[in-house]
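Report on the following structure.
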């Protein structure tokens, strides 16, 4: 399990809540931050937040800080679908098209088309999954009060 602290933004329904968490960058943690151009730019940028739908049936208040658990296998499966499937389809199309000695422009066009189809099929696969099977869930509040909001 991976854990992240987040703030409750609003209740979506009886089982789900919206939470917001800060996007973390590695800039600001190293000793060269004040002398590094990337660190200076990162400090000037506005802090970004992620808004995520999370499973929680317990009573939580808006603004309350909670800990969210994300199963690693869900994260790996989502990464595989989003990045691996389109990349592998692109590479396989390149190899197959080269076997037929197509013109390079045609090979690139065919590979890009197949990769675009793979990206849109990922969106379709995402809708097929039952949403509550892949959602992160609240495991505890930061204040020490234990919540067990799901059986996952």
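The values are calculated or read from the model by the stated rules, or taken from the named source; none is laboratory data. For clarity, every value in this text was computed on a predicted model and none was experimentally measured. Here Cβ is always computed from backbone atoms with ideal geometry, including for glycine, and neighbour counts include all displayed protein chains.
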Just name the residue that is surrounded by the most Cβ atoms within 10 Å (Cβ to Cβ) out of those in region 52-70 that are in contact (Cβ under 8 Å) with a residue 60 or more places away in the chain and in a loop (DSSP other than H, G, I, E, B).
56
Single residue of region 110-147 satisfying the filter (over 26 Å from residue 80 (Cβ atoms) and either in contact with a strand residue (DSSP E or B) (Cβ under 6 Å, 6 or more places away or on another chain) or surrounded by 13 or more Cβ atoms within 10 Å (Cβ to Cβ) (or both)) that is modelled with the highest pLDDT
140
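Among the residues that make up region 82-90, is at least one of them under 24 Å from residue 135 (Cβ atoms), surrounded by 12 or more Cβ atoms within 10 Å (Cβ to Cβ) and out of contact with any helix residue (DSSP H, G or I) (no Cβ under 8 Å at 6 or more places or on another chain)? So that I can check it myself, show each step before the final result.
Step one: of region 82-90, the residues under 24 Å from residue 135 (Cβ atoms) are 82-86.
Within this subset, residues satisfying the condition of being surrounded by 12 or more Cβ atoms within 10 Å (Cβ to Cβ) are 82, 84-86.
Those still in the list that are out of contact with any helix residue (DSSP H, G or I) (no Cβ under 8 Å at 6 or more places or on another chain) too: 84.
Within region 82-90, one or more residues are under 24 Å from residue 135 (Cβ atoms), surrounded by 12 or more Cβ atoms within 10 Å (Cβ to Cβ) and out of contact with any helix residue (DSSP H, G or I) (no Cβ under 8 Å at 6 or more places or on another chain).
So that you can scan it fast, the table gives a plain yes or no per residue for (1) surrounded by fewer than 16 Cβ atoms within 10 Å (Cβ to Cβ); (2) part of a strand (DSSP E or B); (3) at pLDDT below 75:
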| position | (1), (2), (3) |
| --- | --- |
| 10 | yes, yes, no |
| 13 | yes, no, no |
| 19 | no, yes, no |
| 30 | yes, no, yes |
| 34 | yes, no, yes |
| 40 | yes, no, yes |
